[in-house]
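Since every read-out is calculated from the coordinates, none of them should be taken as a lab result. Here the structure is a predicted model, which is why all the values come from computation and not from measurement. Cβ atoms come from the backbone with ideal geometry, glycine included; neighbour counts cover every protein chain shown.
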Amino acid sequence: MKLEEAIMVLGINPKKYFRKLSESSLQERIVLSNKMLEECRRRQKLLLRDSHPDRGGNPEVFKSVSLAFSVVEVETSKFISRLNQSIQDREERLKNQVLISKS
């Protein structure tokens, strides 16, 4: 399952989310990603409760929601790690530029 599909399974509009990300700075993207993960977690709990097979829910929906949240969680974690690395790299480049200009 791809991230966009996983987000849709959890009832969130992926285009709106990705548009917000594209318009944000690196630090804002980390905050937005964490907020998105929390929203997905909240929706996952509701959907799992409503679709739980022991409560008369649909087992296929239950599995789909579980898988969708796993995908969102893993992909969000990877994305945040890449953003943090980009921020560190940029800070390092800026520090080097300052050192070079002072020479």
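Annotations for the structure displayed:
- Helices (runs of 4 or more DSSP H) lying entirely in the range 1-61 (those with 3 or more residues that are among the polar types (S, T, N, Q)): 26-51
- Close contacts from the range 15-35, counting a first residue that is of a type in the set (Lys, Arg) and a second that is in a helix (DSSP H, G or I), with Cβ to Cβ under 7 Å and a gap of 6+ residues or different chains, come to Lys20/Leu32; Arg29/Leu21; Arg29/Leu83.
- When we screen Asp50, Asp89 for residues that are loosely packed, with under 12 Cβ neighbours inside 10 Å and over 13 Å from Met1 (Cα atoms), the only hit is Asp89.
- Test: residue in the range 20-33 that is more than 22 Å from Lys2 (Cβ to Cβ), surrounded by fewer than 12 Cβ atoms within 10 Å (Cβ to Cβ) and among the polar types (S, T, N, Q): yes
- If you go through the range 63-84 and keep only what is within 11 Å of the chain's Cα centre (by Cα) and either at positive phi or among the hydrophobic types (A, V, I, L, M, F, W, C) (or both), you end up with Phe69, Val71, Val72, Val74, Phe79, Ile80.
- Restricting the range 37-46 to residues that are in contact (Cβ under 8 Å) with a residue 24 or more places away in the chain and more than 12 Å from Phe79 (Cα to Cα), the residue that is surrounded by the fewest Cβ atoms within 10 Å (Cβ to Cβ) is Arg41.
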